[in-house]
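The values are calculated or read from the model by the stated rules, or taken from the named source; none is laboratory data. Just so it is clear, the model here is predicted, and its values are computed rather than measured. Here the Cβ is made from the backbone with ideal geometry for all residues, glycine too, and neighbour counts use every protein chain on show. Note: accessible area is taken over every heavy atom of the protein model, side chains too, but ligands, DNA and RNA are not part of it. Shrake-Rupley method; radii C 1.70, N 1.55, O 1.52, S 1.80 Å.
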Amino acid sequence: MRLFVVCTLLVGLSASVPAAAQSPLAVGPRVGFDVANVEELLVGAEARLPFRSQPVALQSALDVYLPARGSFVTLSVNALYRFPVAHPRIRPYAGAGLGFSFYDDATGQNPSDTGLNLVGGLRFPSSSALTPFVQTQVTLGTVDLIALSGGFLLDV
């Protein structure tokens, strides 16, 4: 299953690469909380690279969870589909990708995990330089995650 997802993402990316140079990169911070197994606050940053010729964007994110003991970090790479809607202030999106989790528990164990990400969210375009967003990301792996997060994106 993971191989299928990786191959699908690579094929989609290879067809879209020339359009990437025309699109602005958006970056920004985010905060959230995992409501599944980890149940901890997270702080992170993400970058999105939209493709103008297609309703697809690449999203990469780094989240640092704040557990009482040890450390927990996730890295995500997702392809997002931006749904065409008539409403000018709401932009829904959904997508999938890969999530990489890195643990360091208090006993010195350092296991890592790879999982499948399922993402859904809303962007709220405005006339300012900042675009707020909220999203839910479910990561299916050895440790399942359901992270609710929100933040701001700034076009650079």
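As a summary of the residue check, PHE100 satisfies the conditions (1) closer than 15 Å to LEU122 by Cα; (2) buried (at least 16 other Cβ atoms within 10 Å of the Cβ) except for the one numbered (1).
Matching residues to (1) β-branched (Val, Ile, Thr); (2) modelled with pLDDT under 95; (3) part of a loop (DSSP other than H, G, I, E, B):
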position	(1), (2), (3)
ASP113	no, yes, no
VAL119	yes, no, no
LEU122	no, no, no
PRO125	no, yes, yes
VAL134	yes, no, no
GLN137	no, no, no
GLY150	no, no, no
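LEU80: under 15 Å from GLN59 (Cβ atoms), open to solvent by less than 70 Å² (accessible area, probe 1.4 Å), touching a residue at least 60 places away in the same chain (Cβ under 8 Å) and aliphatic (A, V, I, L, M), yes or no? For LEU80, the condition - under 15 Å from GLN59 (Cβ atoms), open to solvent by less than 70 Å² (accessible area, probe 1.4 Å), touching a residue at least 60 places away in the same chain (Cβ under 8 Å) and aliphatic (A, V, I, L, M) - is not met.
One line per residue, one yes/no per condition, for (1) open to solvent by 30 Å² or more (accessible area, probe 1.4 Å); (2) farther than 21 Å from ASP34 by Cα:
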residue: ARG48; (1), (2): no, yes
residue: PHE51; (1), (2): no, yes
residue: THR74; (1), (2): no, no
residue: ALA86; (1), (2): yes, yes
residue: ASN110; (1), (2): yes, no
residue: LEU118; (1), (2): yes, no
residue: GLY121; (1), (2): no, no
residue: VAL134; (1), (2): yes, no
residue: GLY141; (1), (2): no, no
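The residue list ASP63, ASP104, ASP144 contains one member that is without any contact (Cβ under 8 Å) to a residue 40 or more places away in the chain and not β-branched (Val, Ile, Thr), which is ASP104.
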